[in-house]
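Just so it is clear, none of the values below were taken in a lab; they were calculated from the coordinates. Keep in mind that this is a model prediction, so the values were computed, not measured. In this analysis, Cβ positions are derived from the backbone assuming ideal geometry, glycine residues included, and neighbour counts consider all displayed protein chains.
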């Protein structure tokens, strides 16, 4: 039985990942920032699968405290085998209009906080021995620009490159590190009400014609935690319904989308 922490686990991709991991035998630590009720609902669903669930609060704008929260949650679980670095925010502003305050906030939440949390998780894994798995949830916009995405793209691009450095340095400890880069996903963070089926949302700019489902992204994350994925590290795996095949789309003001 494995022990996994998932940040941003109160809804969307994080919640879907936690539920899938519970079904695959993991005990779960569920990180949330403000939605305590959502985290409790996910914890109840995890426990319904016969697995232990603990919730913990963290705020990436306070990276030292967030890292400490990750470490404490791992201690409550009795150790840590997998860490899904999922929490983040979305933001759009034209480059000429972007403010330094918003720029700093975006990098704090989508890059500095995830760095601190991943470092805390990796330190615990290295100290306990036996290896581990880390998955950073990035975005197709870690490489593909989008209108109004100067701070978002910079943060996600940094997270994906951080993934590669982590993989290089942590391999000696038996820890694999990969990134999952979703395209538009039907989640509350993207303004889609919970319970909405992505098939009901028409997206002509995406080859498959719709946004992704949170559970589809969760399935890819879960694969990276499987024993048979042990030889895969330092990679960024895109799951976007073919969006990145459409080279003109990310440059349109209303095109693209992200996790």
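The ranking of 13, 146, 206 by Cβ neighbour count inside 10 Å, starting from the fewest, reads 146, 206, 13.
Pairing the Cα long axis of helix 12-23 with the longest principal axis of the chain, what angle in degrees results, from 0 to 90 and rounded to the nearest 10? In the chain, helix 12-23 runs at an angle near 30 degrees to the longest axis. Taking 33, 202, 133 in turn, the Gaussian network model of the chain (Cα-Cα springs below 10 Å) assigns the largest fluctuation to 202.
Can you sort 42, 54 by how many other beta carbons sit within 10 Å, fewest first? Can you show the working numbers first?
On the way: 42 27, 54 18.
Lowest to highest Cβ neighbour count: 54, 42.
In degrees, nearest 10, range 0 to 90: what is the angle between the Cα axis of helix 36-48 and the longest Cα principal axis of the chain? Tilt of helix 36-48: around 60 degrees.
When the chain is fully extended, how far beyond the present Cα-Cα distance does residue 37 get from residue 68, taking 0.36 nm per residue of separation?
9.0 nm is the gain from fully extending residue 37 to residue 68.
Spin-label model, residue 232 to residue 23: label points 7 Å out along the Cα-to-beta-carbon direction sit 1.8 nm apart. Secondary-structure-derived ellipticity at 222 nm for the chain, considering helices only, amounts to -12000 deg cm²/dmol, per-run term -39500 (n - 2.57) for DSSP H runs with n ≥ 4.
Across the chain, C-alpha contacts under 8 Å between residues 6 or more apart give a mean separation that, scaled by the residue count, equals a relative contact order of 19 percent. For the pair residue 102 and residue 44, label points projected 7 Å from Cα toward Cβ lie 3.7 nm apart. Against the chain, whose longest principal axis comes from its Cα atoms, helix 63-77 is set at around 50 degrees.
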